[in-house]
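Asker: Structure incoming, see below.
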Amino acid sequence: EIVARYPQQPLKNQVALVTGANSGIGEGVARYLSGAGAKVAINYVVNPESANAIMTDINENGGDAIAVQGDVSSEADVLRMFGDVVTHFGALDILINNAGLQRDSRIADMTLAQWNFVIGVNLTGQFLCAREAVRQFKKQGPRALSTSLGKIVCMSSVHEIIPWATHVNYASSKGGIKL
């Protein structure tokens, strides 16, 4: 019972978009936000079955969730994804910038494509999503549900400060998020 766990519902009727929410930390965050009363958009790039299963579980347990496909490293996908969320829910109050991945390689063997892929998703994706969230927050103005125009949480990793062999692209992207 997702909603019953948080009877005070501190996020009641706020709308949250969680990127990379069809597994792992993103899934956990989406479930927690729903349990706290938020309406949740579950972003995924591939594996719609997983995103739809999470959405169904949330909805069957008293929450309100949708699944939205979009590659956060693609400006066109981000624009469409935010449009889909606002069209469905009417607003956006919370962005959880969670989508991320790693492609390991020793630096001497890393291709530019491997570097760009990780930087694109992990760092550029956070920029694109944060920019669209800020635009939406300003466009919709203050909502009675919160004292702020909106909230953005940028997920990172301990590897934002701790280097890790074969992860130069990942650690660089996470360091960028920290800054």
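The values are calculated or read from the model by the stated rules, or taken from the named source; none is laboratory data. In this text, all values refer to a predicted model and were calculated from it rather than measured experimentally. Please note: Cβ atoms are built from the backbone with ideal geometry, for glycine as well, and neighbour counts cover all protein chains shown. Side chains are part of the model used for accessible areas, which takes the heavy atoms of the whole protein and leaves out ligands, DNA and RNA. Shrake-Rupley method; radii C 1.70, N 1.55, O 1.52, S 1.80 Å.
Asker: What's the total number of residues in the range 30-76 that are charged (D, E, K, R) and free of Cβ contacts under 8 Å to residues at least 12 places away in the same chain?
Answerer: 2
Asker: Check the range 44-53 and report whether any residue there is closer than 21 Å to ILE177 by Cα and outside any loop (DSSP other than H, G, I, E, B).
Answerer: yes
Asker: How many of the residues making up the range 49-62 are more than 11 Å from ALA21 (Cα to Cα) and either modelled with pLDDT of 95 or more or surrounded by fewer than 15 Cβ atoms within 10 Å (Cβ to Cβ) (or both)?
Answerer: Number satisfying all stated conditions: 8.
Asker: Still on this model: Kindly establish whether ARG80 is within 19 Å of THR19 (Cα to Cα), at pLDDT below 95, open to solvent by 20 Å² or more (accessible area, probe 1.4 Å) and among the charged types (D, E, K, R). It would help to see each step written out before you state the result.
Answerer: Details: within 19 Å of THR19 (Cα to Cα): yes; at pLDDT below 95: no; open to solvent by 20 Å² or more (accessible area, probe 1.4 Å): yes; among the charged types (D, E, K, R): yes.
It is false that ARG80 is within 19 Å of THR19 (Cα to Cα), at pLDDT below 95, open to solvent by 20 Å² or more (accessible area, probe 1.4 Å) and among the charged types (D, E, K, R).
Asker: Of the numbered conditions (1) open to solvent by less than 60 Å² (accessible area, probe 1.4 Å); (2) outside any helix (DSSP H, G or I), LEU145 satisfies every one except a single condition; which is it?
Answerer: Failed condition: (1).
Asker: Considering LEU33, LEU11, which residue is assigned to a loop (DSSP other than H, G, I, E, B), farther than 21 Å from THR124 by Cβ and in contact with a Leu (Cβ under 7 Å, 6 or more places away or on another chain)? Show your work before the answer.
Answerer: On the way: LEU33 fails: assigned to a loop (DSSP other than H, G, I, E, B).
The conditions single out LEU11.
Asker: Name the single residue, out of those in the range 21-48 being of a type in the set (Ser, Thr, Tyr) and over 15 Å from GLY100 (Cα atoms), that is surrounded by the fewest Cβ atoms within 10 Å (Cβ to Cβ).
Answerer: TYR32
Asker: Any residue at all in the range 94-116 that is assigned to a loop (DSSP other than H, G, I, E, B), surrounded by fewer than 17 Cβ atoms within 10 Å (Cβ to Cβ) and of a type in the set (Val, Ile, Thr)?
Answerer: yes
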